[in-house]
């Protein structure tokens, strides 16, 4: 019988959705039966030894028996008894379920800084973070460094804002430090609104204390006594863990009056976002914290001079702040040694879409796209052909296979018309229509446009109308040029980042996939077979077995035919829903 | 209703609250923003009700109409979109016979919603049924969930 058994179940949003709670409960009840003292620990879905963001194969579970760690993938509750029987009691890991080569490859090229403690520790226990040198960095800063030295170190590290803009963090702090005011604020921007991004959610769910520690360091640097975390209400688990972490930090005297035995006071409040993408923009975010409609305003003055309640305010993204404890623990030189000349450190990406290993990854700046998709990502799902990766969400663009060897950093992505953004990477394959992707993002930005400035409010609407008619087969000659023209105008004249970047998906898809636009407009054809109005569905007679499955699923009874004989689709009645295509087992439906 | 609202008003005064926090608390209490509640708070705080409506209609989180007993939210983020979230959303609407601008079924059983992204992109497409996140959702699974909701109501 083993002396010590530790079991760590991946319990982030992804892990819970895959059945993490059931797996954990099963371990608890089954182990109670066997009488082994096991610590069944909750942990986040990003883990240094375990799941490491490998959400594609959730539920991931680390089973540590007398110091030997084995990681299992794709577990469900029913599989637990066998693991206890054969591995924990019998001493032989269940090799069928142990993670394999893809898991090794997934981790091989990653370097974990921000995520280094994520998952290794229980995010709901402050002691777990303290055991991993938690709050050591901030204590050192507060007790042995001046605010100026603190800022100098951040500058030396080369850390840049991870929320998308890439502005040097140290420089931003210096502006606020120099601003003359008794009251200053620091705000953590956790309003991760980009569709396709979940870096910040994972960090807060996995290790909220790192972000809190970073915030205290920032507050000390600029001289702020009050802080806010502006977090999306759509992330209930992250909010709950953050709330708990703040309470614990307060209990230990890390927040509140005279923290760490110094004369410094600092506390953090949570502000829940109410669902508006534009509130990710600094000035809109401030308006929202003040309880107003989240409308951005012209800059300058920048928030570092006049922000929340008119006082100097620094707004940093979650990932930026969570980097700080590690920078101060290991030294700015260490951080600056990672990455490229102008982009230091690592970047967390949410790798999703049509790739095998979807999940959360942290890679050094300067890694190539090829390495991200084919090594870390394990290649294309179903062996389909790579078409593009979309980065930066609705503000970004796409990267085609011609740029597979591009070293990913702030500058290189901007050069080819995309952006680093906050770190969403959605991989697209041959079955994705690029016009449809542009339409998807425009629908989003048009819906989220706050309406304050005309170019964004009306311009994005007109862009969307043009794209809609192209995808519906009513595209006109000259539409592409019109899109380009209008896009440039919107970029030039919008007040805030939302409008200034909203046309990027259009510009980028036209730049690299102009032929697809032309096929839609001139030939009324969607090459990828996505845009419903341009599709026709027909039966391939040779393949059709007359199984009548398609007849049953067709919502408009457009398919007729005798049993065991080829069927027929009535094009007049067909609403192009694709139900027949999805259900056919004999590849007898032609979509084109 | 007044008692609950008085508490919210007290909290506003004590904790230097703002319009958003007041609305969030009203919605937590009543599940949506009843007209009477907004007018009552507006009177008591001497803040024009137009301010409250201005904020309430700006943010997608606020609802001016009562919502269904069950909420089925389809995530329509990028990753879910490329994995066919549109079809799932339409399926929910069809199963509850929602047409036009309607998002809550006539019997108040279910509200069908879209959300821009819940950040669970690695398990796309995602559907949230009464706060429970379902990942890698397929049509069949959704049919089953909806059937359960309907059967529970009938029982």
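List of remarks:
- Positions within segment A:247-265 being surrounded by fewer than 22 Cβ atoms within 10 Å (Cβ to Cβ) and outside any loop (DSSP other than H, G, I, E, B), in sequence order: A:247, A:248, A:250, A:251, A:256, A:260, A:261
- Residues satisfying the stated conditions in segment A:470-519, i.e. in contact (Cβ under 8 Å) with a residue 40 or more places away in the chain and in a loop (DSSP other than H, G, I, E, B): A:472, A:473, A:475, A:476, A:477, A:494, A:495, A:496, A:502, A:503
Here's the yes/no breakdown for (1) part of a loop (DSSP other than H, G, I, E, B); (2) touching a helix residue (DSSP H, G or I) at 6+ places or on another chain (Cβ under 7 Å); (3) within 14 Å of another protein chain (Cβ to nearest Cβ):
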{"site": "A:152", "(1), (2), (3)": "no, no, no"}
{"site": "A:156", "(1), (2), (3)": "no, yes, no"}
{"site": "A:162", "(1), (2), (3)": "yes, yes, no"}
{"site": "A:170", "(1), (2), (3)": "no, yes, no"}
{"site": "A:174", "(1), (2), (3)": "no, yes, no"}
{"site": "A:186", "(1), (2), (3)": "no, yes, no"}
{"site": "A:189", "(1), (2), (3)": "no, yes, no"}
{"site": "A:194", "(1), (2), (3)": "yes, yes, yes"}
{"site": "A:202", "(1), (2), (3)": "no, no, yes"}
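- Taking the criterion of being more than 8 Å from chain A (Cβ to nearest Cβ) and part of a helix (DSSP H, G or I), the residues of segment B:52-79 that qualify are B:52, B:53, B:56, B:57.
Every residue, every condition in (1) crowded, with 18+ Cβ neighbours inside 10 Å; (2) over 14 Å from the mean Cα position of the chain (by Cα); (3) over 22 Å from residue A:450 (Cβ atoms), yes or no:
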site: B:15; (1), (2), (3): no, yes, yes
site: B:29; (1), (2), (3): no, no, yes
site: B:50; (1), (2), (3): no, yes, no
site: B:53; (1), (2), (3): no, yes, no
site: B:74; (1), (2), (3): yes, no, yes
site: B:92; (1), (2), (3): yes, yes, yes
site: B:112; (1), (2), (3): yes, no, yes
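- Residue list for segment A:367-425, restricted to those being out of contact with any helix residue (DSSP H, G or I) (no Cβ under 6 Å at 6 or more places or on another chain), within 14 Å of chain B (Cβ to nearest Cβ) and part of a strand (DSSP E or B): A:380, A:387, A:388, A:389, A:390, A:391, A:425
- Among the residues of segment A:217-246, the ones that are touching a strand residue (DSSP E or B) at 6+ places or on another chain (Cβ under 6 Å) and either assigned to a loop (DSSP other than H, G, I, E, B) or over 30 Å from residue A:195 (Cβ atoms) (or both) come to 6 in all.
- Output for segment B:24-43, where each listed residue is more than 12 Å from chain A (Cβ to nearest Cβ), assigned to a helix (DSSP H, G or I) and at pLDDT below 95: B:29, B:30
- Per-region count, segment A:214-240, residues more than 14 Å from chain B (Cβ to nearest Cβ) and either surrounded by fewer than 24 Cβ atoms within 10 Å (Cβ to Cβ) or over 22 Å from the mean Cα position of the chain (by Cα) (or both): 11
- Counting only residues that are over 16 Å from the mean Cα position of the chain (by Cα), assigned to a loop (DSSP other than H, G, I, E, B) and in contact (Cβ under 8 Å) with a residue 60 or more places away in the chain, segment A:351-366 holds 1 of them.
- Enumeration of residues in segment B:109-128 that are at the interface with another protein chain (Cβ under 10 Å from one of its Cβ atoms), touching a strand residue (DSSP E or B) at 6+ places or on another chain (Cβ under 7 Å) and assigned to a loop (DSSP other than H, G, I, E, B): B:117, B:118, B:120, B:124, B:126
- Out of A:578, A:592, sole residue that is under 19 Å from residue B:84 (Cα atoms) and exposed (fewer than 15 other Cβ atoms within 10 Å of the Cβ): A:592
The values are calculated or read from the model by the stated rules, or taken from the named source; none is laboratory data. Computed from a prediction, not measured in an experiment: that's the story for all the values here. Because the Cβ atoms are built from the backbone with ideal geometry, glycine has one as well, and the counts that use them run over all protein chains shown.
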